[in-house]
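The values are calculated or read from the model by the stated rules, or taken from the named source; none is laboratory data. In this text, all values refer to a predicted model and were calculated from it rather than measured experimentally. Here the Cβ positions follow ideal geometry from the backbone for every residue, glycine too, while neighbour counts run over all protein chains shown. Side chains are part of the model used for accessible areas, which takes the heavy atoms of the whole protein and leaves out ligands, DNA and RNA. Shrake-Rupley method; radii C 1.70, N 1.55, O 1.52, S 1.80 Å.
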Amino acid sequence: MEEAAQHVAFGYGPHHCIGVNLGRLQAEVSFATPYSRLPNLRLRPSFQPHQVPGPTFRAWTSLEMVYDGPALPRTDIS
């Protein structure tokens with residue numbers, strides 16, 4: 001987790017983003033929701049991630065997923 005501690009996407013010191021907690025919550029929900037509704041979702045077994053070149057972005061160029069099975073029903077609607 002040392003690498004994450006040095007991440008400066010939300011700024012640092014007096015320039016620290018006031019929306020950092022909202023941004024982290026949105027990221028958590030956006031990653032957790034597909035996995036809760038699609039329990040068989042996983043990385044393709046032979047997938048080899050390639051990072052976007054350069055020091056500016058920490059991202060993959062693609063993310064190949066495999067899914068088999070039905071989606072679970074939404075539970076957040078009435």
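With the requirement that a residue be modelled with pLDDT under 75, outside any loop (DSSP other than H, G, I, E, B) and open to solvent by 70 Å² or more (accessible area, probe 1.4 Å), what does segment 1-14 give you?
Of everything in segment 1-14, those that are modelled with pLDDT under 75, outside any loop (DSSP other than H, G, I, E, B) and open to solvent by 70 Å² or more (accessible area, probe 1.4 Å) turn out to be Glu2, Glu3, Ala5.
From the list Arg58, Arg74, which one is farther than 30 Å from Gly11 by Cβ and modelled with pLDDT under 80?
Arg74
Is it the case that some residue within segment 40-52 is within 25 Å of Leu72 (Cα to Cα), open to solvent by less than 80 Å² (accessible area, probe 1.4 Å), in contact with a Phe, Trp or Tyr (Cβ under 7 Å, 6 or more places away or on another chain) and assigned to a loop (DSSP other than H, G, I, E, B)?
So far as segment 40-52 goes, yes, one or more of its residues are within 25 Å of Leu72 (Cα to Cα), open to solvent by less than 80 Å² (accessible area, probe 1.4 Å), in contact with a Phe, Trp or Tyr (Cβ under 7 Å, 6 or more places away or on another chain) and assigned to a loop (DSSP other than H, G, I, E, B).
Consider Asp68 against the criteria (1) surrounded by 10 or more Cβ atoms within 10 Å (Cβ to Cβ); (2) at pLDDT 85 or above: it satisfies all of them except one. Which criterion is unmet?
Unmet condition: (1).
Can you list residue pairs whose Cβ atoms sit under 8 Å apart, with the first residue in segment 15-30 being open to solvent by 50 Å² or more (accessible area, probe 1.4 Å) and the second being not in a loop (DSSP other than H, G, I, E, B)? Count only pairs 6 or more apart in sequence or on different chains.
Close Cβ pairs satisfying both conditions: Cys17/Gly23.
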